[in-house]
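Structure first, commentary second.
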Amino acid sequence: MSQAVVSLYLVPTPIGNLRDITLRAIDTLQAVDVILAEDTRTSGILLKHLQISKNLQSYHSFNEHKAVEKLVERMKKGETFALISDAGTPAISDPGFLLVRAVLAAGLEVQCLPGATAFVPALVSSGLPNDRFVFEGFLPHKKGRKTRIDALLNETRTLIFYESPHRLLKTLEQLAEAFGADRQAAVARELSKLHEETARGTLVELIDYYQVNPLKGEIVLVVAGCAEQRESRAEKQEKKQAEWKKEKKSRKEID
Ligand code: SAM
């Protein structure tokens, strides 16, 4: 099978520590014709640091159908693009999805490079089960916020939220009210930066902690899933297995 030519690369950039850029990300940024950036000023600093001087174009107008169409037309003519966001993996709580969808719909190839993103280190270092998890991104600020939280009441998988420091306490309080104050959680703050910190405990312990400790910088909140459901599911499964064993035994006896 021949390899398709890639028209759009999604290139993760550091979420703090500039050394978290990959060698392949640098190669790709150097190789493409155009780099699309969420904020050309922010990305300009990174590119200068990497000594990459390249045609940099802003993509803040990606919600506009026409802007996306224009880019797709240029890709059809053979231009190659890299998409970068202010930090982390583009299209993860960042603009990019609409472009990815349009490029694929046009029959062109998209490739996302593996690399920095905030939720993976937050989840792994939380110490909460990570065999199954749900990425919730940002909760709605006002309308739909309670509905969203209520929809997660019986969720057994570990939950991941992106949150701003000035809204964290309110979120912890709302989650404690909905899920119970003793639900385990972790707050990962300033990942890969100088003041990196992960605070772990129950929701109420985290509320107490952040009422007296500084709450600045970027935050990922990881919350354990609903344990009762998980336990009752495990119990049900055990019961089913026991029933099946009994059934198998009685079948053997009949034979
Ligand atoms: N595309 C990014 C990614 O791949 O993670 C996410 C972009 S989203 C607009 C920004 C949010 O990501 C922040 O509000 C915060 O919740 C989280 N975040 C980004 N950098 C972080 C860091 N260094 N430490 C903790 N959270 C971070």
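A short reminder: the numbers here are calculations on the coordinates, not readings from a lab. Predicted, not measured: the structure shown is a model, and the values here were computed from it. Every residue, glycine among them, receives a Cβ derived from its backbone with ideal geometry; neighbour counts consider all protein chains shown.
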Answer check: the chain, Cα atoms, Kirkwood Rh, Rg/Rh ratio of 1.10
Relative to the chain, whose Cα atoms define the longest principal axis, helix 65-76 and its Cα axis are tilted in degrees, nearest 10, by 70 degrees
Among T158, G225, Q174, the residue whose Cα sits farthest towards the positive end of the charge dipole of the range 119-227, when +1 is placed on the Cβ of each Lys and Arg and -1 on the Cβ of each Asp and Glu, is Q174
Here the gain from full extension of Q57 to K70, 0.36 nm per residue of separation minus their alpha-carbon distance, amounts to 3.4 nm
Taking the dipole of the chain about the Cα centre (Lys, Arg +1; Asp, Glu -1; charges at Cβ), the one of A199, G96, T28 that reaches farthest to the positive side is G96
With +1 on the Cβ of every Lys and Arg and -1 on the Cβ of every Asp and Glu, the dipole magnitude of the chain about its Cα centre, in debye rounded to the nearest 20, is 540 debye
Projected onto the charge dipole of the chain (unit charges on the beta-carbon of Lys, Arg, Asp and Glu, signs +1, +1, -1, -1), the Cα from V134, A37, T13 with the largest positive-side position is that of V134
Among beta bridges assigned by DSSP with both residues in the range 119-227, the antiparallel ones amount in percent, to the nearest 5, to 75 percent
Highest mean packing first, using Cβ neighbours within 10 angstrom, the peptides 178-190, 127-139, 160-172 sort as 178-190, 160-172, 127-139
Between the alpha carbon centres of the range 195-230 and the range 110-188 the gap in Å comes to 10 Å
Toy charge model, Lys and Arg Cβ at +1, Asp and Glu Cβ at -1: the range 119-227 dipole around Cα centroid in debye, rounded to 20, equals 400 debye
Quick numbers on the range 1-119, Rg and Dmax over C-alpha atoms in Å, give 13.3, 41
